[in-house]
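The values are calculated or read from the model by the stated rules, or taken from the named source; none is laboratory data. All values derive from a computational prediction rather than experimental measurement. Quick reminder, even Gly has a Cβ in these numbers, built from the backbone with ideal geometry, and neighbours come from all protein chains shown.
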Amino acid sequence: MIPLIGRIVARSLKWPGPQKRRAACLLGSLLLLASGSLLSSCGGGPTVASSTGRTLYLATTGGIYGFSIMSDGTLTPVSSSPLVTGSYTQIAATSASPPTLIGANGTGSLTTWSTSGGGLASPSTLSLSGCSGMTATGVAVTSDNNYALVVNGAATTNNIGSLALSGGSCVEKSTVTASYPVQPALDCSVANASYCILFLTLSSSQTTTATTPAAPEEDSFTESSGAVDALSPAVAPFSSCATSVCPTGAAFNANTLYFYATFNGGSPTLQSLSPQATGSAQTTNFSTPNLDQPCVDAIGGTAYIPTSNGYVYSVSTQNGGGMGAPSTVLSPQTFGSTLKITSCAIAGS
């Protein structure tokens, strides 16, 4: 509606009708701008961000939080309180409709929640029966939504298994790595291949105490059988990384076809890596050395990087492994206290 004072002023002008109406609109808008507003009836006005329908979930020491991803890149809390209490070391989400969120918390089972409008339904349990002594500290989901791949960061043997999300026994790989697995990331878009590439970040110490990043490795994962095997020939990405600057976590973007790995140490970075490559394509630098396990919104072209001191950053991802500069999207003030954020997951389409 055109402000009354604008019409009164414009009426006194001896201009044709259309010009008079335009003047009234502009005069009213100037008055509203003076008070910090903009009159949208003039054909302009602020762009109002809308929800993309996707949700960023964060696993923290205070529970799991959800944030709606908005069209302008900002995040809006689903709730001011955690959607789920309890500590989960890693979370992952299916791309089915509706999506399912899956949590690993160092027990002999996975917890699942159906998602709706960003919220979480009552939890269900997936037992890891069949994988002897397996406790799940990390989890990833295959692109066909058929399997969850789980890792046990408290052991160097019997530490990788897969579980059909429809139910059944866990399929165990007794030994793939001699280190403690941290975060699995799956590339199931490999051209002309009958398996997925499993990028596995590793630790030289138990992740249930303190993660000490070690050189990662790539293995194969067969979706049809759930089997995990070493690649032949073997691929050792970042094989020359020193202990202090090996990756702490990794995620895969099915649109760009790159892995994105976080590094700490003296110069914290996010690095993009093509599958079966041995070095990064591009590096983005951060000012804080507390980067934790990332996740990727492939549809929105964004990687999210949580930190152990309560921040979340976003980085745009482009074809060819290119990346933008980091932007702070959440801070400890969002939660009212400094929470350790361990991992994240994207749900929705």
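Only residues that are of a type in the set (V, I, T), assigned to a loop (DSSP other than H, G, I, E, B) and closer than 16 Å to A96 by Cβ were counted in the stretch 119-146, giving 1. Per this entry, T283 is counted among residues that are in a strand (DSSP E or B) and over 15 Å from the mean Cα position of the chain (by Cα).
Among the candidates E172, E218, which residue alone is in a strand (DSSP E or B), assigned by TED's automatic domain parsing to the domain that holds N145, out of contact with any Phe, Trp or Tyr (no Cβ under 7 Å at 6 or more places or on another chain) and among the charged types (D, E, K, R)? Spell out the reasoning first.
Working: E218 fails: out of contact with any Phe, Trp or Tyr (no Cβ under 7 Å at 6 or more places or on another chain).
Among E172, E218, only E172 is in a strand (DSSP E or B), assigned by TED's automatic domain parsing to the domain that holds N145, out of contact with any Phe, Trp or Tyr (no Cβ under 7 Å at 6 or more places or on another chain) and among the charged types (D, E, K, R).
Determine whether S127 is farther than 20 Å from T89 by Cβ and free of Cβ contacts under 8 Å to residues at least 60 places away in the same chain. Against the criterion (farther than 20 Å from T89 by Cβ and free of Cβ contacts under 8 Å to residues at least 60 places away in the same chain), S127 does not qualify. Name every residue in the stretch 314-334 that is farther than 24 Å from P275 by Cα and not small (G, A, S), in order of residue number. Within the stretch 314-334, T328, V329, L330, P332, Q333, T334 meet the criteria. Within the stretch 226-234, is there a residue that is over 21 Å from the mean Cα position of the chain (by Cα) and surrounded by 21 or more Cβ atoms within 10 Å (Cβ to Cβ)? For the stretch 226-234, residues over 21 Å from the mean Cα position of the chain (by Cα) and surrounded by 21 or more Cβ atoms within 10 Å (Cβ to Cβ): present. In this structure, does S316 turn out to be under 26 Å from S97 (Cα atoms), assigned by TED's automatic domain parsing to the domain that holds I69 and either small (G, A, S) or out of contact with any Ser or Thr (no Cβ under 7 Å at 6 or more places or on another chain) (or both)? Yes, satisfied.
Per-residue answers, yes or no, for (1) without any contact (Cβ under 8 Å) to a residue 12 or more places away in the chain; (2) more than 21 Å from A303 (Cα to Cα); (3) surrounded by fewer than 18 Cβ atoms within 10 Å (Cβ to Cβ):
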position: Y57; (1), (2), (3): no, no, no
position: G63; (1), (2), (3): no, yes, yes
position: S68; (1), (2), (3): no, no, no
position: G73; (1), (2), (3): no, no, yes
position: I91; (1), (2), (3): no, no, no
position: A96; (1), (2), (3): no, no, yes
position: G106; (1), (2), (3): no, yes, yes
position: T111; (1), (2), (3): no, yes, no
position: C131; (1), (2), (3): no, yes, no
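Does T207 count as closer than 14 Å to V151 by Cβ, without any contact (Cβ under 8 Å) to a residue 60 or more places away in the chain and part of a loop (DSSP other than H, G, I, E, B)? Considered against the rule, which asks whether it is closer than 14 Å to V151 by Cβ, without any contact (Cβ under 8 Å) to a residue 60 or more places away in the chain and part of a loop (DSSP other than H, G, I, E, B), T207 comes out as no.
Check A96, A164, A121 and return the single one that is of a type outside the set (D, E, K, R) and closer than 22 Å to S220 by Cα.
Of the residues listed, the single one that is of a type outside the set (D, E, K, R) and closer than 22 Å to S220 by Cα is A164.
Scanning the stretch 147-169 for residues that are touching a residue at least 60 places away in the same chain (Cβ under 8 Å) and either in a loop (DSSP other than H, G, I, E, B) or of a type in the set (S, T, Y) (or both) yields Y147, G153, S162, L165.
In the stretch 316-349, of all residues being in a strand (DSSP E or B) and polar (S, T, N, Q), the one that is nearest to the chain's Cα centre (by Cα) corresponds to S343. On the given criteria, is T201 within 22 Å of the chain's Cα centre (by Cα), of a type in the set (S, T, Y), closer than 27 Å to L291 by Cα and in a loop (DSSP other than H, G, I, E, B)? Here the answer is no, as T201 does not meet what is asked.
The rows are residues; the columns are (1) in a loop (DSSP other than H, G, I, E, B); (2) small (G, A, S).
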| residue | (1), (2) |
| --- | --- |
| G266 | yes, yes |
| A277 | yes, yes |
| I299 | yes, no |
| S314 | no, yes |
